[in-house]
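Heads up, the thing below is written out as structure tokens.
Nothing in this text is a laboratory measurement; each read-out follows from the coordinates by a stated rule. Treat the numbers as computed from the prediction; the structure is a model and nothing was measured. Neighbour counts are summed over all protein chains in view; Cβ atoms, including those assigned to glycine, are modelled from backbone coordinates with ideal geometry.
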């Protein structure tokens, strides 16, 4: 099978020839281990996925700076991130809308909706990989970038008219962005929001369902009406909304499995949604022995693996990841699911 066929078979529970493989490689990995070591790793463990950016060449980039360099980076929305460690992304320290008087003049970056459809389609035609869209709506996180996390949690506690209006503007932009990418030949549309702390959702499940679930329902409708798969990422404990993600029609979810009860996730949801990784990047990838890495992968395999599909071998190669542990992850997946 080609990589594209393999991933599609996995997402459709149609017996792929092997478990698809994906890797999220942060720039800090090359800074830590050296370019050659990472190039060798990628050659040994090629991904079945590819991503594509699609800004039209006629649109002047709105971002300023390098998001992974020490210093300041301003994104397309005008949010400024302060970074103190090379190879990762920083944090917004001074939110753009720090008081509501600035809301009236706020405008989303509509110019970025102008994507180069022909170039994107050529890229898709020239690869056998499963291609994920360059857009990644993140309405909850975008509200945090614009308002600051502390302000936003107070806003949500009150459900003020201002925060609901800001959410409407952000949601409308992201809906249009998904529609733009749905016109291309990518295989999957992606969105994300980090909803979990280590032990619970960051807002109540009831408020999540009232304010944010309808946005994700729109993403699923756009994706599936255009023949695309819908993939989601969320950090932290999100067990309480897994059933909702299945109901919405999310095809694959990338979440921090080791923040939750892995075995209970498997009992409840294996075979109903594809688990897009991952392996614990807080402890296992950074501090465990190779034998402990194998045990962690086996725990995931035992909970989710089925020959029909529904599981992707994925992890994030980020700050602190040991090179030997990274190799061990994919070696374990290959051997345990042979």
To the nearest 10 degrees, the tilt of helix 35-44 (Cα long axis) against the first principal axis of the alpha carbons of the chain is 60 degrees
Using the 10 angstrom Cβ neighbour count as an exposure proxy, how do 124, 135, 10 rank, fewest first? 124, 135, 10
Which value in Å is the Kirkwood Rh of the stretch 1-124 over different Cα pairs? 18.1 Å
Show me, bin by bin at 10 Å from 0, the whole-percent P(r) of the stretch 156-302 based on Cα pairs. 10, 36, 33, 17, 4, 0
Please work out, to two decimal places, the log10 of the ratio I(q)/I(0) at q = 0.30, 0.31, 0.34 Å⁻¹ from a Debye calculation in which every Cα of the stretch 183-223 carries one identical scatterer. -1.08, -1.11, -1.19
GNM flexibility winner over the chain from 29, 270, 324 (Cα, springs under 10 Å): 324
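When each pair of different Cα atoms in the chain is counted once in the 1/r mean, what is the Kirkwood radius in angstroms, to one decimal? Walk me through the numbers before you get to the answer.
Values: mean 1/r = 0.0478 Å⁻¹.
This gives a value of 20.9 Å.
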Between the stretch 85-122 and the stretch 287-338, the Cα center-to-center distance that results, in Å: 34 Å
Binned at 10 Å from 0, what are the whole-percent values of the Cα-Cα distance distribution for the stretch 237-318, short to long? 18, 54, 25, 3
Counting other C-beta atoms within 10 Å, which of 33, 283 has the fewest, and how do the rest follow? 283, 33
Taking the chain and counting helices only, DSSP H stretches of n ≥ 4 at -39,500 (n - 2.57) each over all residues, the nearest-500 ellipticity at 222 nm comes to -12500 deg cm²/dmol
Counting only Cα, what are the radius of gyration and maximum Cα-Cα distance Dmax of the stretch 34-77, in Å? 15.5, 38
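What's the ranking of 202-214, 293-305 by average number of surrounding C-beta atoms within 10 Å, highest first? Before the final figure, lay out the partial values.
On the way: 202-214: 15.2, 293-305: 19.4.
Top of the packing list down: 293-305, 202-214.
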Descending principal axes extents, the stretch 205-271, alpha-carbon based, whole Å: 34, 27, 18
Testing the spin-label approximation: label points 7 Å from Cα along Cα→Cβ at residue 110 and residue 302. State their distance in nm. 5.6 nm
DSSP-defined beta bridges in the chain - what % are antiparallel, rounded to 5: 30 percent
I want to verify the translational diffusion coefficient of the stretch 71-190 in µm²/s; compute it with Stokes-Einstein, Rh as the Kirkwood radius over Cα pairs, at 4 °C and 1.567 mPa s. 81 µm²/s
